[in-house]
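Visitor: The structure is given below, and queries will be raised subsequently.
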Amino acid sequence: MSSSQQCPHDSVSVLDGEFLQDPHVHYARMRESDPTRRVLTVTGMPVWLVTRYADARAALTDPRLSKDYRGMGRIMEREVERGAQRAEVSESIQAHMLNMDPPDHTRLRKLVVKAFTARRIEALRPRIEQITGELLDELAGTERVGEAGVDLLDEFAFPLPIRVICELLGVPEDRRDDFRRWSNTLVSGQDPEAAERAALAMGEYLFELVEDKRRDPRDDLLTALIETSDDSDRLSGEELIGMVFLLLVAGHETTVNLIGNGVLALLRDPEQYRRLLAEPERASSVVEETLRFDGPVNLATFRYTTEPVLVGDVEIPEDELVLVALGSANRDPERFAEPDRFDQDRATGGHLAFGHGIHFCVGAPLARLEGEIALRRLVERFPDLKLAVPDEQLRYRPSTLMRGLEQLPVRLS
Ligand code: HEM
């Protein structure tokens, strides 16, 4: 990026580690003085960042902003020729609905949306309660805790959603550590070569899994998807792998951070913790405010302009990459008063943490249910939960799209 493209009021022109530790400080300045601006990702890809609520919401429903992975690949290739680092991820893993426009997107979304209706998901409540109870029992038995405390992400926030999504899809749990590693590497967006290796390993694993299910069909979502793909032309083999990949990654990577970011907000403000403890049925309000205040998805996934698009008063030319800063939109004072205050009593309606428009998160009812049960049962079980390290030692993972801590060391009592 040439210096003439950098904002004179703000030195951030790269979404680097420093930016990702505390994006909200930068977003506040950008919303004020330069709300839609060109920046570089850490791999050197130029992208337009959209930071105001109204612009973000409009961009998420604008059909001139495409998500088609083939078009995206072409633009990224152009940027590689201009000096950006290659971020190659195998096609079968990219061929999923979050990377497609209608009509393909519509066809694929129809195949899974029924499995995630509020009613179907509510039926999972007893099982999620049970898994949560087991994990809390294990946690309570962790009296090796000592000075360093116990990492709540490792011991609680991670295993809960991975167990739930694996059960729903019908994925055996024995590979879940591998799975966690691959998926972390893939979503971090920091190391393209490692991401490519992770994508290949995960792709191979998913092919094996599909073969296993073909031999041994069960009553689970993966078997149902395989039957759809075998019996009709509604789902190709590549799309099947893409779908499983998307559901597995989207279904746990985000929910881990919903739980982690929510617990952190509560621990930072003991009054908010006490309020939840006094009325645990308020957990769903805490979940909504966590989504608004520090949602797991900092930047929505890439889009690109298929023609020049006016965002606010900035015209983004054709064939440019766009990132909608959900985390910034949700703290826009034009939309939410005193946005930097965590307040479980506020009206959070209209937050963009699950996106907006045709790609609105399919898993939102599941994420909300898991978040509600996790936070409620955690504070009930450990009313004196405390951070085990000084606040300034907490580090966010250097991921471009996700917002979540490296570790959350806590003392249980
Ligand atoms: C899409 C956030 C949990 C499955 C999205 C999008 C966001 C999001 C922002 C849209 C991205 C964009 O437009 O660029 C979240 C958050 C979660 C969460 C914050 C947890 C707190 C889940 C879960 C599942 C899931 C549990 C599935 C089990 C999906 C799928 C899409 C999606 C399949 C693509 C939808 C489409 O393209 O039509 N999510 N998600 N998500 N999410 Fe989630």
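Visitor: I'm checking my understanding of the structure. Among residues of region 230-244 that are under 27 Å from P296 (Cα atoms) and more than 10 Å from the ligand (Cβ to nearest atom), which one is most open to solvent (accessible area, probe 1.4 Å)?
Guide: E239
Visitor: At least 1 residues that are in contact with an Asp or Glu (Cβ under 7 Å, 6 or more places away or on another chain) in each: list the helices (runs of 4 or more DSSP H) lying fully within region 148-266 that qualify.
Guide: Values: elements: 159-169, 176-188, 192-215, 221-231.
Answer list for region 148-266: 159-169, 176-188, 192-215.
Visitor: Which condition number in (1) under 23 Å from L20 (Cα atoms); (2) near the ligand (Cβ under 7 Å from one of its atoms); (3) among the small types (G, A, S) is the one that A325 fails?
Guide: (2)
Visitor: Return the residues of region 382-405 that are surrounded by fewer than 16 Cβ atoms within 10 Å (Cβ to Cβ) and either small (G, A, S) or touching a residue at least 40 places away in the same chain (Cβ under 8 Å) (or both); say none if nothing qualifies.
Guide: P383, K386, V389, D391, R395 - these are the residues of region 382-405 that are surrounded by fewer than 16 Cβ atoms within 10 Å (Cβ to Cβ) and either small (G, A, S) or touching a residue at least 40 places away in the same chain (Cβ under 8 Å) (or both).
Visitor: A further question on this structure: Do the conditions hold for E289, that is, is it more than 30 Å from R397 (Cα to Cα), assigned to a helix (DSSP H, G or I) and either among the charged types (D, E, K, R) or open to solvent by less than 30 Å² (accessible area, probe 1.4 Å) (or both)?
Guide: Considered against the rule, which asks whether it is more than 30 Å from R397 (Cα to Cα), assigned to a helix (DSSP H, G or I) and either among the charged types (D, E, K, R) or open to solvent by less than 30 Å² (accessible area, probe 1.4 Å) (or both), E289 comes out as no.
Visitor: Cβ-Cβ distance below 8 Å, separation of 6 or more or different chains: which pairs start in region 18-29 with a residue that is of a type in the set (G, A, S) and end on one that is open to solvent by 40 Å² or more (accessible area, probe 1.4 Å) and assigned to a helix (DSSP H, G or I)?
Guide: Qualifying pairs under 8 Å: none.
Visitor: Which numbered condition trips up T132, out of (1) crowded, with 19+ Cβ neighbours inside 10 Å; (2) at pLDDT 95 or above; (3) closer than 30 Å to D34 by Cβ; (4) more than 12 Å from the ligand (Cβ to nearest atom)?
Guide: Exception for T132: condition (3).
Visitor: Residues that are within 19 Å of the chain's Cα centre (by Cα), buried (at least 23 other Cβ atoms within 10 Å of the Cβ) and within 9 Å of the ligand (Cβ to nearest atom): does region 263-280 have at least one?
Guide: So far as region 263-280 goes, no, none of its residues is within 19 Å of the chain's Cα centre (by Cα), buried (at least 23 other Cβ atoms within 10 Å of the Cβ) and within 9 Å of the ligand (Cβ to nearest atom).
Visitor: Given R180, R215, R197, R175, which one is open to solvent by 10 Å² or more (accessible area, probe 1.4 Å), farther than 24 Å from M100 by Cβ, out of contact with any strand residue (DSSP E or B) (no Cβ under 6 Å at 6 or more places or on another chain) and at pLDDT 90 or above?
Guide: Among R180, R215, R197, R175, only R215 is open to solvent by 10 Å² or more (accessible area, probe 1.4 Å), farther than 24 Å from M100 by Cβ, out of contact with any strand residue (DSSP E or B) (no Cβ under 6 Å at 6 or more places or on another chain) and at pLDDT 90 or above.
Visitor: Follow-up. Only one of these conditions is not met by M72: (1) farther than 30 Å from L221 by Cα; (2) open to solvent by 10 Å² or more (accessible area, probe 1.4 Å); (3) part of a helix (DSSP H, G or I). Which number is it?
Guide: Result: M72 passes all but (1).
Visitor: Turning to a different aspect of this structure: Between E253, E227, which is surrounded by fewer than 21 Cβ atoms within 10 Å (Cβ to Cβ) and out of contact with any His (no Cβ under 8 Å at 6 or more places or on another chain)?
Guide: After applying the criteria, what remains is E227.
Visitor: I need a count of the residues in region 359-368 that are more than 6 Å from the ligand (Cβ to nearest atom) and open to solvent by 10 Å² or more (accessible area, probe 1.4 Å).
Guide: Number satisfying all stated conditions: 3.
Visitor: Under 7 Å by Cβ, and 6 or more places apart or on different chains, what pairs join a residue from region 244-265 that is under 19 Å from R376 (Cα atoms) with one that is near the ligand (Cβ under 9 Å from one of its atoms) and among the small types (G, A, S)?
Guide: T254/A367; T255/A367; T255/G371; L258/A367; L258/G371; I259/G371; G262/G371
Visitor: R292 - would you say it is out of contact with any helix residue (DSSP H, G or I) (no Cβ under 7 Å at 6 or more places or on another chain) and within 13 Å of the ligand (Cβ to nearest atom)?
Guide: Yes: the conditions hold for R292.
Visitor: Still on this structure, please answer the following. Can you tell which of P63, P102 is open to solvent by 30 Å² or more (accessible area, probe 1.4 Å), over 29 Å from S13 (Cα atoms), at pLDDT 95 or above and within 14 Å of the ligand (Cβ to nearest atom)?
Guide: Result: P102 is the single residue among P63, P102 that is open to solvent by 30 Å² or more (accessible area, probe 1.4 Å), over 29 Å from S13 (Cα atoms), at pLDDT 95 or above and within 14 Å of the ligand (Cβ to nearest atom).
Visitor: Could you grab me the full set of residues in region 41-60 that are more than 16 Å from the ligand (Cβ to nearest atom), crowded, with 19+ Cβ neighbours inside 10 Å and at pLDDT 95 or above?
Guide: R52
Visitor: So N330 fits all but one of (1) more than 22 Å from P35 (Cβ to Cβ); (2) within 16 Å of the ligand (Cβ to nearest atom); what number is the exception?
Guide: (1)
Visitor: Going by the conditions given, is E334 over 22 Å from the mean Cα position of the chain (by Cα) and in a strand (DSSP E or B)?
Guide: It is false that E334 is over 22 Å from the mean Cα position of the chain (by Cα) and in a strand (DSSP E or B).
The values are calculated or read from the model by the stated rules, or taken from the named source; none is laboratory data. Predicted model, so just to flag it, every value in this text is computed and none were measured. No Cβ is skipped: glycine too gets one built from the backbone with ideal geometry, and neighbour counts run over all protein chains shown. For the accessible areas, the whole protein counts, side chains as well, though only heavy atoms, and no ligand, DNA or RNA atoms are used. Shrake-Rupley method; radii C 1.70, N 1.55, O 1.52, S 1.80 Å.
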